[in-house]
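S.K.: My structure is below; once you've seen it, I'll send some questions.
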Amino acid sequence: MNFKKRTIMQLSDMVCGNTPAGRAHEENYFKYRSSMYLTEFFADVETDFQHDGSTRKIWVADTLEVILSEPLSSAHAVPETFARVISRLMDPDDATNEGDDRTKALADLNRALAREGLEAFYGDDKQCYLRNLKTNTVLTPSPNPHRPFTKLEVERREKLSRYLDKASEDALIEEVLLPLFRQLGYHRITAAGHKDKALEYGKDVWMRYTLPSQHLIYFGLQVKKGKLDASGVTKGSNANMAEIYNQALMMLGHEIFDPEIGKRVLVDHAFIVAGGEITKAARNWLGNKLDASKRSQILFMDREDILNLFVVTNLPLPDAAWPTATHYPAEPPF
């Protein structure tokens with residue numbers, strides 16, 4: 001990422017804790033760090049940078065430029081080390097001349113970051129994150145859905161799981177899947193809806209993803225609310241995999257029109273998404289029914305995948321997922 005020199009120098013002042021020109025000492029909202037504490041700061045963000053005794057502001061600015069030159073995992077990410085720098089800089093325990101909500105420090109930081117089209121904000125976990133002001137996309141290192149979850153993340157995961165138990169298929173698409181795929185970097189996400197089934201051609205949603213080479217890959221989603229299994233009879237909210245088979249073939253065989261490029265294109269991959277479990281037998285059944293070329297085009301996503309990805313991307317929960325006073329009187333929203 002290429003930041004303007006002015007922005008880097010302002011961020012450097014914040015890391016050093018220098019009082020901005022024209023302000024009294026009481027109007028500095030960042031903790032002052034001497035040489036030893038600068039080395040400690042960068043050790044806290046898992047780097048090996050050690051202050052060499054030179055001018056603090058210049059040394060920190062040079063260090064930040066090195067960090068910002070790290071390769072990005074995607075176009076919708078920031079260097080992982082820089083994300084840790086912002087989080088460490090805005091640690092509530094380092095509040096200076098204000099409360100631990102750090103509203104004044106956050107305002108100073110955002111005045112600098114706005115020049116780069118970015119905004120810092122606190123998540124529900126009291127950690128500071130960055131988002132793109134133009135797209136409102138949260139800029140994070142590549143999410144790792146397999147890492148251990150914090151206690152707060154486990155609580156959010158449980159709330160979302162309860163929501164999925166009662167959510168309709170349309171709510172699953174609109175309140176969970178669309179925000180999730182937008183956050184993961186997919187574009188032109190278009191929901192067919194369920195009012196006009198004739199226009200779906202086996203797709204509930206279609207979307208595209210831009211590769212680093214600028215090539216486009218198109219995806220279709222077939223979404224079911226409940227569990228997908230391979231039993232002979234559909235039971236309750238469970239959907240039989242045989243019901244998905246024809247829809248998957250339709251999805252892969254029909255063209256979609258992308259208005260941005262003015263062309264009709266085929267779907268490259270089909271996502272089979274379930275709000276419940278997709279059993280191993282169901283996956284194997286569909287794999288055996290499809291030929292080798294189409295089998296490689298099928299991707300599965302079940303409830304566990306949805307819950308884990310939704311939590312690690314730090315997306316806000318749907319409004320209906322919050323407990324009400326009637327049902328959960330002792331549990332306030334965090």
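S.K.: If each DSSP helix of 4+ residues adds -39,500 (n - 2.57) and the sum is divided by the residues in the chain, what number results at 222 nm, nearest 500 deg cm²/dmol?
M.R.: Dividing the helical sum by the residues of the chain leaves -10500 deg cm²/dmol.
S.K.: Here's a follow-up. Once you keep just the Cα pairs under 8 angstrom separated by 6 or more residues, what percentage relative contact order results for the chain?
M.R.: 13
S.K.: Once you have a ≥ b ≥ c as the square roots of the Cα gyration tensor eigenvalues for region 151-321, tell me rounded if a/c is under 1.5, and otherwise prolate or oblate according to whether a/b is larger than b/c.
M.R.: Oblate.
S.K.: Under unit Cβ charges (Lys, Arg +1; Asp, Glu -1), what dipole magnitude, rounded to 20 debye, does the chain have relative to its Cα centre? List each step's numbers first, then the result.
M.R.: Numbers: 42 positive and 47 negative charges, 182 e Å.
My answer is approximately 880 debye.
S.K.: My understanding is that a pair violates if its Cα-Cα distance is over 20 Å; which of Lys5/Lys57; Lys166/Lys225; Lys4/Lys134; Lys4/Lys126; Lys104/Lys151; Lys225/Lys280 do that in this structure?
M.R.: As for pairs spanning more than 20 Å Cα to Cα, those are Lys4/Lys126; Lys104/Lys151.
S.K.: Step through the residues of region 221-226 one at a time and calculate ³J(HN,Hα) from phi using the Karplus curve (6.51 cos²θ - 1.76 cosθ + 1.60, θ = phi - 60°), rounding each to whole Hz and writing x for Gly and Pro.
M.R.: Per-residue couplings from phi come out as 10, 10, 10, 10, 5, x Hz.
S.K.: Rounded to the nearest 0.05, what FRET efficiency do His146 and Met36 give with R0 = 41 Å and r taken as the Cβ-Cβ distance? Could you check?
M.R.: With a Förster radius of 41 Å, E is 0.65.
S.K.: Still on this structure, please answer the following. If you fit an axis through the alpha-carbon atoms of helix 303-312 and take the longest principal axis of the Cα set of the chain, what angle between them do you get, 0 to 90°, nearest 10?
M.R.: 20
S.K.: Does region 51-130 classify as rounded, prolate or oblate by the C-alpha gyration tensor (a ≥ b ≥ c root eigenvalues; a/c under 1.5 gives rounded; else a/b over b/c gives prolate, otherwise oblate)? Can you show the working numbers first?
M.R.: Details: a/c = 1.81, a/b = 1.15, b/c = 1.57.
Verdict is oblate for region 51-130.
S.K.: Now for a different question. For Asp93 and Lys134, calculate 0.36 nm times their separation in residues minus their Cα-Cα distance, and state this gained length in nm to one decimal.
M.R.: 11.7 nm
S.K.: Moving on. Suppose each label sits 7 Å from its Cα in the direction of the beta carbon; what would the Asp124-Val66 distance come out to in nanometres?
M.R.: Each label point lies 7 Å from its Cα, and together they span 3.8 nm.
S.K.: Between Ser54 and Asp165, what length in nm is gained on full extension when 0.36 nm per residue of separation is reduced by their alpha carbon distance?
M.R.: Contour length minus Cα-Cα distance gives 34.1 nm.
S.K.: Also: Need one number: nm distance between label points at Glu155 and Asn246, each 7 Å from Cα along Cα→Cβ, rounded to one decimal.
M.R.: 4.8
S.K.: What Kirkwood Rh does region 1-125 have if only Cα atoms enter the pairwise 1/r average? Answer in Å.
M.R.: Values: mean 1/r = 0.0670 Å⁻¹.
It is 14.9 Å.
The numbers here are math on the coordinates, done by the rules we state, and not lab data. Because the structure is predicted, anything quoted here is derived from the model rather than measured. For neighbour counting, all protein chains shown are included, and Cβ atoms are generated from backbone atoms with ideal geometry for every residue, glycine included.
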